Amino acid sequence: MSITPSDKRATTGSGHVSSTPAPNGALDRRLPSVAVPGEERGAVLLIMAVLIVLLLGVVGFAVDLGWAFWNGLEIQHGADSTTWSARIAGRPVHLTE
């Protein structure tokens with residue numbers, strides 16, 4: 001049902017048509033309300049705050065893993081370089097496993 005300005009009825013927040021116009025004389029054209037107003041107020045803020053904290057935790061974990069991987073590579077490269085230097089100098093290389 002569409003409401004035109006010539007109608008003397010207005011819809012209420014629950015989607016029902018009422019016979020009284022809005023206080024300013026215009027028709028009340030609000031969408032039907034599913035929940036009680038004010039019941040979910042601030043829910044998006046809370047959800048976003050939790051998601052941002054989780055995202056920061058995941059990013060921090062990824063940075064820590066990357067740092068550990070990088071340090072492992074640096075240690076391995078240092079050991080490889082030392083082994084090659086000793087081999088080139090003609091010194092015996094004793095590797096322990």
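The values are calculated or read from the model by the stated rules, or taken from the named source; none is laboratory data. Computed from a predicted model, the values in this text were never measured in an experiment. Because the Cβ atoms are built from the backbone with ideal geometry, glycine has one as well, and the counts that use them run over all protein chains shown.
General remarks:
- Inclusion of Gly60 among residues that are surrounded by 10 or more Cβ atoms within 10 Å (Cβ to Cβ), within 26 Å of the chain's Cα centre (by Cα) and at pLDDT 65 or above is warranted.
- Criterion (outside any helix (DSSP H, G or I), at pLDDT below 95 and surrounded by 10 or more Cβ atoms within 10 Å (Cβ to Cβ)) met by exactly one of Ala79, Ala26, Ala35, Ala86: Ala26
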